[in-house]
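Each remark here refers to the structure printed beneath this line.
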Amino acid sequence: MNASSKIPRPGAMYRSVFISDVHLGTRGCRSDFLADFLRQTSCEKLFLVGDIIDGWRLRKSWYWDEGCDEVLRQILGHARAGAEVTYIPGNHDEMFRAWMPLGLEIAGIKLRKEATHVTADGRRLLVLHGDEFDSVVRYAKFLAYLGDWAYNAALNCNTWFNAVRRRLGLPYWSLSQWLKRQVKEAVKAIDRFETAVATEAKRRGFDGVVCGHIHYAEMRDVQGVLYINDGDWVESCTALVEHHDGRLELIDWVALNRLSFYTPRGASVAAIA
């Protein structure tokens, strides 16, 4: 797309934006928050780092609302505005992986297994979803489906729990995320995942790695490699952004805008007074 055909977009301007684990098609997805983030953001490169659409859930029961449509419209809007959009499917949207060998580009969106991104200050980052480093997903898919069911149950509890907190004038607090962090084995699993991903990036000569999958936003040094997980848009609503000088930053959209998770579907995004 040449410069004359670009459509200007308002809001914060970044060199690159990375988002993952949106899970469009589930009731827990905060499509309203993500649409708001995308609407207020412009970038040269947009990376969709897997699990954008939740094929697992949609195969069980169909759920798709206006918020899901709006997220897709905003992504396409970035592509029309001239952003280079790369879609790296994850395990929940693995149906798109069959198309990757064809090298397809749909509406300006490139489908890739993984990507290499070079920051403005010269660092080489490996970009992938990360499920290939999750032994549960890789070797025992039925356990992953069971975990998916339990996770969705916890998210349903979140909804009611935070409805009460909202009525009491309290901000959002993630029950499922708190439970996950309290479970010792879950903490160990997160550490093993981070180490495995960073080790692979180091083995391949990268300076860092950007991934998703585990719904746990993090940016830290792991064995001399910069490990970055851009989080999710179900619990934390976070994104990784690269500024034009190469500086990398995790954006917590809920905290930054003091948003309430108890926002009725179809209503506008509301901030806590």
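Points to keep in mind about this one:
- T86 vs. criteria at pLDDT 95 or above and among the polar types (S, T, N, Q): yes
- Among residues of segment 56-65, those that are out of contact with any Ser or Thr (no Cβ under 6 Å at 6 or more places or on another chain) and buried (at least 17 other Cβ atoms within 10 Å of the Cβ), counted: 2
- One residue stands out among those in segment 119-131 that are under 14 Å from V210 (Cα atoms) and not aliphatic (A, V, I, L, M): the one that is modelled with the lowest pLDDT, which is D131.
- Hits in segment 230-250 (condition: surrounded by 16 or more Cβ atoms within 10 Å (Cβ to Cβ) and free of Cβ contacts under 8 Å to residues at least 40 places away in the same chain): T238, L250
- Of the listed requirements (1) out of contact with any Pro (no Cβ under 9 Å at 6 or more places or on another chain); (2) not in a loop (DSSP other than H, G, I, E, B), A120 misses just one: (2).
- Segment 66-96 - residue that is surrounded by 15 or more Cβ atoms within 10 Å (Cβ to Cβ) and in contact with a Pro (Cβ under 9 Å, 6 or more places away or on another chain) and, of those, nearest to G208 (Cα to Cα): F96
- Tally, over segment 17-66, of residues that are assigned to a strand (DSSP E or B), in contact with a helix residue (DSSP H, G or I) (Cβ under 6 Å, 6 or more places away or on another chain) and of a type in the set (S, T, N, Q): 0
- Within segment 218-271, the residues that satisfy the criterion of being modelled with pLDDT under 95, within 17 Å of D21 (Cα to Cα) and aliphatic (A, V, I, L, M) are V234, V254.
- Residue check, F47 buried (at least 20 other Cβ atoms within 10 Å of the Cβ) and of a type in the set (F, W, Y): yes
- For segment 11-47, residues that are within 14 Å of E94 (Cα to Cα) and free of Cβ contacts under 8 Å to residues at least 60 places away in the same chain total 1.
The values are calculated or read from the model by the stated rules, or taken from the named source; none is laboratory data. Small disclaimer: the values here were computed from a predicted structure and weren't measured. Backbone-built Cβ (ideal geometry, glycine too); neighbour counts: all protein chains shown.
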